[in-house]
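Let me begin by presenting the structure, written as structure tokens, before commenting on it.
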Amino acid sequence: MTKEWIPNLKLGQDYDKNYRDADIHFDQLGAMADFFGRDMPVHMHADYCQIHFVLSGKTQFNIDQNLYKTAGAAIFYTPPATPHAFLTEADAPGYVLTLHHSIISNIADDLDSIKQSHFLILPSCIDNDAINPVNKFAFDSTIALMELIKSEWKNELSHKSDALLGLIKVLLLNIFRLSTADEKSNSRSRHEVEIYKNFNLLIEENYKVEKSITFYCKQLDINESRLNYVCKKVSGSPPKTIINNRIILEAKRHIIHANQSLNELSYYLGYLDPSYFSRFFQIKTGFTPSEYKKLNSQG
């Protein structure tokens, strides 16, 4: 009997449709537990990492077949496309922060020395009761950062997106500092997931100039049918859709937050013909770039 592949949960589709196109999602652990349950079976988020902050109570967290058990405050980091399951006590307080993989990649790009150490590629469990006393400040400041993120998320202040990204960058750095690459974290994950992760890393580095499947297959040293199989198995989408989604995500960010002309945005994303890019954007989103800007600039 063929075992069913691990389901890919899309929070913007399966849980909170207000954030269908968002690359950041924040919520209370209790609110998500009320929807999904405290005993969450194995699942993954193909294009997103997750950070669970459990403030008290016993927790069992399985990340990529690594079982972590904690009895108090703890932080669990799950990289993108990584199978995980967890059980928390009823009414245990906490938060869940979900981030598109591009945020991790962009921060890694800013930190060349850390990028060589595979910045937040491995899963981790940071148990407050088990950390070195020297690192206690870093743990407490990480929890404090979550409270600041919560405040920014709830309020519509000026430069909200910039503030969130700044806080998230420091938070991720803290998690990286507190993480230890123990034997559990170094266990091999499914081969298909590794291919999918590497494909996304290549997209992040090249999507502005390389949009053909042939290029990525050559870099990964696999044929197109194999890459197509892996991408559909892990995320449910073919490789071309994943590349296009990354381009559209960046386009949306720039349309909303950057004061660029259509020509400037097209060239930035590797399209020499702005008219072609505008048609491409409209086919993928249902709006022209100007319509999308107007839609997202309305109060």
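In the stretch 47-65, which residue that is assigned to a strand (DSSP E or B) and of a type in the set (A, V, I, L, M) is surrounded by the fewest Cβ atoms within 10 Å (Cβ to Cβ)? Filtering the stretch 47-65 for residues that are assigned to a strand (DSSP E or B) and of a type in the set (A, V, I, L, M), the one surrounded by the fewest Cβ atoms within 10 Å (Cβ to Cβ) comes out as ILE51.
Select, from ASP91, ASP109, ASP39, the only residue that is without any contact (Cβ under 8 Å) to a residue 24 or more places away in the chain and surrounded by fewer than 19 Cβ atoms within 10 Å (Cβ to Cβ). Give the steps one after another, and end with the answer.
Working: ASP91 fails: without any contact (Cβ under 8 Å) to a residue 24 or more places away in the chain; ASP39 fails: without any contact (Cβ under 8 Å) to a residue 24 or more places away in the chain.
Residue meeting the stated conditions: ASP109.
Within the stretch 207-223, take every residue that is free of Cβ contacts under 8 Å to residues at least 12 places away in the same chain and assigned to a helix (DSSP H, G or I) and give me the one that is surrounded by the most Cβ atoms within 10 Å (Cβ to Cβ). Result: CYS217.
Regarding ALA71, is this residue in contact with a Lys or Arg (Cβ under 7 Å, 6 or more places away or on another chain) and crowded, with 22+ Cβ neighbours inside 10 Å? Write out each step before concluding.
Working: in contact with a Lys or Arg (Cβ under 7 Å, 6 or more places away or on another chain): yes; crowded, with 22+ Cβ neighbours inside 10 Å: no.
No.
Scanning the stretch 227-250 for residues that are of a type in the set (D, E, K, R) and either in contact (Cβ under 8 Å) with a residue 12 or more places away in the chain or within 30 Å of ASN296 (Cα to Cα) (or both) gives LYS233, LYS240, ARG246, GLU250. Residues in the stretch 226-264 that are out of contact with any Cys (no Cβ under 7 Å at 6 or more places or on another chain) and either small (Gly, Ala, Ser) or not assigned by TED's automatic domain parsing to the domain that holds LYS211 (or both): SER235, GLY236, ALA251, ALA258, SER261.
Mind telling me which of the residues ASP21, ASP16 ends up being among the acidic types (Asp, Glu), surrounded by fewer than 20 Cβ atoms within 10 Å (Cβ to Cβ) and touching a residue at least 60 places away in the same chain (Cβ under 8 Å)? Steps first, please.
Working: ASP16 fails: touching a residue at least 60 places away in the same chain (Cβ under 8 Å).
The unique qualifying residue is ASP21.
Scan the stretch 251-263 and give yes if some residue there is assigned to a helix (DSSP H, G or I), over 30 Å from LEU9 (Cβ atoms) and either within 19 Å of the chain's Cα centre (by Cα) or in contact (Cβ under 8 Å) with a residue 12 or more places away in the chain (or both), otherwise no. Scanning the stretch 251-263 turns up at least one residue that is assigned to a helix (DSSP H, G or I), over 30 Å from LEU9 (Cβ atoms) and either within 19 Å of the chain's Cα centre (by Cα) or in contact (Cβ under 8 Å) with a residue 12 or more places away in the chain (or both). For THR78, the test of being over 29 Å from LYS160 (Cα atoms), crowded, with 21+ Cβ neighbours inside 10 Å, touching a residue at least 12 places away in the same chain (Cβ under 8 Å) and among the hydroxyl-bearing types (Ser, Thr, Tyr) is failed.
Determine whether SER151 is closer than 19 Å to HIS52 by Cα and hydroxyl-bearing (Ser, Thr, Tyr). Yes, satisfied. No other residue among TYR292, TYR268, TYR276 is surrounded by fewer than 16 Cβ atoms within 10 Å (Cβ to Cβ) and under 25 Å from the mean Cα position of the chain (by Cα) apart from TYR268.
Is it the case that ILE248 is under 18 Å from the mean Cα position of the chain (by Cα), of a type in the set (A, V, I, L, M) and within 17 Å of LYS293 (Cα to Cα)?
Working: under 18 Å from the mean Cα position of the chain (by Cα): yes; of a type in the set (A, V, I, L, M): yes; within 17 Å of LYS293 (Cα to Cα): yes.
Yes.
Regarding the stretch 231-245, can at least one residue be identified that is over 20 Å from MET44 (Cα atoms), outside any loop (DSSP other than H, G, I, E, B) and of a type outside the set (D, E, K, R)? Show your work before the answer.
As a first pass, look at the stretch 231-245 and keep what is over 20 Å from MET44 (Cα atoms): 240, 244.
Filter once more, so that each one left must be outside any loop (DSSP other than H, G, I, E, B): 240, 244.
In the following step, the residues that additionally are of a type outside the set (D, E, K, R) were identified as 244.
Within the stretch 231-245, one or more residues are over 20 Å from MET44 (Cα atoms), outside any loop (DSSP other than H, G, I, E, B) and of a type outside the set (D, E, K, R).
The values are calculated or read from the model by the stated rules, or taken from the named source; none is laboratory data. All values derive from a computational prediction rather than experimental measurement. With ideal geometry, Cβ positions are generated from the backbone for all residues, glycine too; neighbour counts draw on all protein chains shown.
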